[in-house]
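First the structure, then my questions, so here it is.
The values are calculated or read from the model by the stated rules, or taken from the named source; none is laboratory data. Fair warning: this is a prediction, and the values are worked out from it, not measured in the lab. In this analysis, Cβ positions are derived from the backbone assuming ideal geometry, glycine residues included, and neighbour counts consider all displayed protein chains. Side chains are part of the model used for accessible areas, which takes the heavy atoms of the whole protein and leaves out ligands, DNA and RNA. Shrake-Rupley method; radii C 1.70, N 1.55, O 1.52, S 1.80 Å.
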Amino acid sequence: MSASGGTKAIVAALAANLAIAVAKFVAFLFSGSSSMLAESVHSLADSGNQGLLLLGGKKAQREATPQHPFGYGRERYIYAFLVSIVLFTVGGMFAIYEGYEKIHDPHEITNWYWPVGVLVFAIIAESFSFRTAIKESNEIRGKQTWTQFVRRAKAPELPVVLLEDLGALVGLVLALGGVGLALLTGDGIWDGIGTLCIGILLIVIAIVLAAETKSLLLGEAAGIEEVEKIKAAVVDGDVVTRVIHMRTLHLGPEELLVAAKIAVEGNDTATQVADAINAAEARIREAVPIARVIYLEPDIYRPEAAK
């Protein structure tokens, strides 16, 4: 996985979530808090999700084969989509079930210092993980807003980790609020309400992740800036006079397919056209290094056929 895949952020999130999952489950055993049980499962699911992202990155590095001539770059999209499914089912639906059960059958929280102490520890640990994800994202985000970054990023790992960490932090605050209100009022129903809110939050995040990774799986074009760079690189003003039309497709986060019909003069020789195409391909790869699969078709420009 390349640096843009956010390996450092994934490993930081995995380490934090494993430690937090153990601490939360111990707190649940001592306190009986349903919020703590929901949060334990949430952290365990997040740990599995980070494992899936690392596995997807590893599988995506396999060489192309005759059966898969364009390689395995989209493995990263597939595993990111699996993360959204795990987050929805194991995280969100389980938390909603636990919250429903606790609201209908509330019971008092015992040994309150366990859940409160663990939640404070978890907030600190998740904050460090979130900070790492933000730092990694800022290196490639440029001038995009955070919403634009999540929607436009071709590498799925960082948006996934960002949303997971954000959801974890908000969920921890909700769990702390639910436990706190249950302790203050002596009514365990607040613990159930906190758990229910955590479940709804996780489902919303899972839906957002599923929508974005589905778009990547279907196949997204290069960004506007990359498209303009490619068009500028193709035309040499001598043999290649214009781009008649062009299509781009991400075969993976760091692998772009470029297919274009280019205009040449009718009196150019085959050798001149072939040399011009080879030179254009070299310029494209220099301008946009991830453009690794390039097909250029020469043609005579006709305005009525260019659409």
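Filter region 135-160 down to the residues that are open to solvent by 50 Å² or more (accessible area, probe 1.4 Å) and in a helix (DSSP H, G or I) and list them by number.
Listed by number, the residues that qualify are K135, N138, E139, I140, W146, T147, Q148, R151, R152.
Let me ask another. Show the residue pairs that are 6+ apart or on different chains and have beta-carbon atoms under 6 Å apart, the first residue being within region 166-187 and touching a residue at least 40 places away in the same chain (Cβ under 8 Å) and closer than 22 Å to A9 by Cα, the second being open to solvent by less than 10 Å² (accessible area, probe 1.4 Å) and not aliphatic (A, V, I, L, M).
The qualifying pairs are A168/E126; L169/E126.
Then there's this: Go through region 253-278 and count every residue that is under 40 Å from the mean Cα position of the chain (by Cα), part of a helix (DSSP H, G or I) and either at pLDDT 95 or above or among the polar types (S, T, N, Q) (or both).
Within region 253-278, residues that are under 40 Å from the mean Cα position of the chain (by Cα), part of a helix (DSSP H, G or I) and either at pLDDT 95 or above or among the polar types (S, T, N, Q) (or both) number 1.
How many residues does region 75-89 hold that are surrounded by 23 or more Cβ atoms within 10 Å (Cβ to Cβ) and more than 10 Å from L209 (Cα to Cα)?
Here the count works out to 3.
May I ask you to list the residues in region 210-231 that are aliphatic (A, V, I, L, M) and touching a strand residue (DSSP E or B) at 6+ places or on another chain (Cβ under 9 Å)?
Within region 210-231, L216, A221, A222, V227, I230 meet the criteria.
I've got another one for you. Given the conditions (1) in contact (Cβ under 8 Å) with a residue 12 or more places away in the chain; (2) part of a loop (DSSP other than H, G, I, E, B); (3) open to solvent by 40 Å² or more (accessible area, probe 1.4 Å), which single one is not true for G237?
(1)
Here is a further query. If the Cβ limit is 8 Å and pairs must be 6+ apart or interchain, which residue in region 22-38 that is without any contact (Cβ under 8 Å) to a residue 24 or more places away in the chain pairs with which residue that is surrounded by 18 or more Cβ atoms within 10 Å (Cβ to Cβ) and of a type in the set (S, T, N, Q)?
So the pair list comes out as F25/S40.
What do you reckon, is A282 out of contact with any His (no Cβ under 7 Å at 6 or more places or on another chain), at pLDDT 90 or above and over 22 Å from R151 (Cα atoms)?
yes
Another question, if that's okay. Kindly check whether there is at least one residue in region 202-213 that is under 21 Å from G252 (Cα atoms) and either hydroxyl-bearing (S, T, Y) or part of a loop (DSSP other than H, G, I, E, B) (or both).
Within region 202-213, one or more residues are under 21 Å from G252 (Cα atoms) and either hydroxyl-bearing (S, T, Y) or part of a loop (DSSP other than H, G, I, E, B) (or both).
Note down all Cβ pairs under 8 Å where the first residue falls in region 135-154 and is without any contact (Cβ under 8 Å) to a residue 40 or more places away in the chain, the second is surrounded by 14 or more Cβ atoms within 10 Å (Cβ to Cβ) and of a type in the set (D, E, K, R), and they're at least six residues apart or on different chains.
Taking only residues 6 or more apart or on different chains, the pairs are Q144/R152; F149/R141.
Checking the structure you have, find out if any residue of region 71-80 is free of Cβ contacts under 8 Å to residues at least 12 places away in the same chain and out of contact with any Lys or Arg (no Cβ under 9 Å at 6 or more places or on another chain).
Checked against the condition, which is being free of Cβ contacts under 8 Å to residues at least 12 places away in the same chain and out of contact with any Lys or Arg (no Cβ under 9 Å at 6 or more places or on another chain), region 71-80 yields no hits at all.
Of the residues that sit in region 98-125 and are among the hydroxyl-bearing types (S, T, Y) and touching a residue at least 24 places away in the same chain (Cβ under 8 Å), which one is surrounded by the fewest Cβ atoms within 10 Å (Cβ to Cβ)?
T110
Do we find that L14 is part of a helix (DSSP H, G or I), farther than 18 Å from G167 by Cα, in contact with a Ser or Thr (Cβ under 8 Å, 6 or more places away or on another chain) and open to solvent by 10 Å² or more (accessible area, probe 1.4 Å) in this structure?
Answer is no for this residue.
Continuing with this model, one more query. Is it the case, given these coordinates, that S47 is within 28 Å of F130 (Cβ to Cβ), in contact (Cβ under 8 Å) with a residue 24 or more places away in the chain and crowded, with 23+ Cβ neighbours inside 10 Å?
no
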